[in-house]
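The values are calculated or read from the model by the stated rules, or taken from the named source; none is laboratory data. Note that the coordinates shown come from a computational prediction; the quantities given were computed from them, not determined experimentally. So basically every Cβ, Gly included, is an ideal-geometry build from the backbone, and we count neighbours across all protein chains shown. When the accessible area is computed, the model is the full protein with side chains, heavy atoms only, and any ligands, DNA or RNA have been set aside. Shrake-Rupley method; radii C 1.70, N 1.55, O 1.52, S 1.80 Å.
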Amino acid sequence: AFPLGCVNVHASLLPRWRGAAPIQRALMAGDAETGVALQKVVRKLDAGDVLGERRLVLTDEYEAQRLHDELRVLGADLLVNEYFEYLEGRQNGVVQDEAKVTVAPKIDKAEARVDWHRSAREVFNHIRGLTMGPVCFTTRAQVPRTQEQKDNQAATFKIHRNRPLENYVRLENTRPGTVVEIRDHSVVVACLSGALEI
């Protein structure tokens, strides 16, 4: 039915981040650059020849939803240009380098729990990578006030906006995950190194 086969707009610079969650994984890994690739569809996952790509520099202002929206526009541009060049026989594609393949597996809900025993930059990247869902969260144990309360309850906090304070100075023995400062519109939480303003 399709003599020229099918093509796919993939939200990464292939062969980096083949798989289900390339936008999230690029942010979570702290990549400095990402983009979209137009590729031929083959039986192997995201392994077809690349017909074209658009690149984007990742700054701290990018979180998953914003990145998704900007890559969507770049992907449409690939369809208007490189795809028609391919249909007209002026574009054959470039074979992907299998030695550079990384995989972007589907996001598991368990990944949304924040691990404060990481650097402020790593926690920041993790949170901004999951803003489209599942949104990152942390918990705080609550001590029961009465004998009737048999089990400790945990308050869950979802984190939507944050920024890393990589040079934040705090007391030497502060445990990661501890609130170290309360500001007018935010709180600062200690990480393994630095802190995160939420």
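Which part of the stretch 83-118 falls in the paramagnetic zone of ALA20, meaning amide N under 12 Å from the point 7 Å along Cα-to-beta-carbon? Answer for this model: 104-110. Of the peptides 20-29, 40-49, 1-10, the order by per-residue mean of other Cβ atoms within 10 Å, starting with the highest, comes out as 20-29, 40-49, 1-10. In a simple Cβ point-charge model (Lys, Arg +1; Asp, Glu -1; nothing else charged), the chain has a dipole of about 600 debye relative to its Cα centre. What the chain shows is 61 Å² of accessible area per residue, with the surface traced by a 1.4 Å probe over protein heavy atoms.
In a reduced charge model with +1 at each Lys and Arg Cβ and -1 at each Asp and Glu Cβ, the stretch 77-130 shows a dipole moment near 440 debye about its Cα centre.
If contacts are Cα pairs under 8 angstrom and at least 6 residues apart, what is the relative contact order of the stretch 1-118 in percent?
In percent, rounded to a whole number, it is 33.
Would you mind checking the tilt of helix 120-129 against the longest principal axis of the Cα atoms of the chain, expressed as 0 to 90 degrees and rounded to 10? It is inclined by approximately 60 degrees. When only Cα pairs below 8 angstrom with a gap of at least 6 residues are kept, the chain shows a relative contact order of 19 percent. Just the protein heavy atoms count here, and of the accessible area of the chain at 1.4 Å, carbon and sulfur take up 52 percent. A cut-off of 5 Å between modelled amide H atoms, ignoring neighbours fewer than 5 places along the same chain, links LEU165 with ALA195, LEU196, GLU197.
Between CYS6, THR34, THR138, the Cα set farthest toward the positive side of the dipole of the chain (charges on each charged residue's Cβ, about the Cα centre) is that of THR138. Quick one, which of (1) 1, 7, 16, 21, 22, 18, 9, 3, 1, 0, 0, 0; (2) 1, 6, 10, 10, 9, 8, 7, 7, 6, 6, 6, 5, 4, 4, 3, 3, 2, 1, 1, 0, 0; (3) 1, 7, 14, 15, 14, 12, 10, 8, 6, 5, 4, 2, 1, 1, 0, 0 is the actual P(r) over Cα pairs in 5 Å bins from 0, in percent calculated for this model? Recomputing P(r) over Cα pairs in 5 Å bins from 0, in percent here gives the entry labelled (3). Within the stretch 34-71, find all residues whose amide N lies under 18 Å from a label point positioned 7 Å from the Cα of LEU87 along Cα-to-beta-carbon. Answer for this model: 38-41, 51-53.
Per the helix-only calculation at 222 nm, which mean residue ellipticity applies to the chain, given -39500 (n - 2.57) for every DSSP H run of n ≥ 4 and division by its residues, nearest 500 deg cm²/dmol?
Value at 222 nm, helices only: -6000 deg cm²/dmol.
Over all other residues within a Cβ to Cβ distance under 14 Å of LYS106, the charged ones net out to 0, with Lys and Arg as +1 and Asp and Glu as -1.
In terms of its alpha-carbon gyration tensor, the stretch 1-55 comes out prolate; a/c meets the 1.5 threshold, and the first ratio a/b outweighs b/c. For HIS117 and VAL94, a Förster radius of 35 Å and the Cβ-Cβ distance give a FRET efficiency of 0.30, rounded to the nearest 0.05. Seen against the Cα atoms of the chain and their longest principal axis, helix 64-80 is set at about 0 degrees.
When peptides 133-140, 86-93 are sorted by average Cβ neighbour count within 10 Å, with the highest value leading, the order is 133-140, 86-93.
Taking Lys and Arg as +1 and Asp and Glu as -1, the other residues whose beta-carbon sits under 11 Å from that of TRP116 total +1. Measuring with a 1.4 angstrom probe and ignoring ligands and nucleic acids, GLU111 comes out at about 50 Å² accessible.
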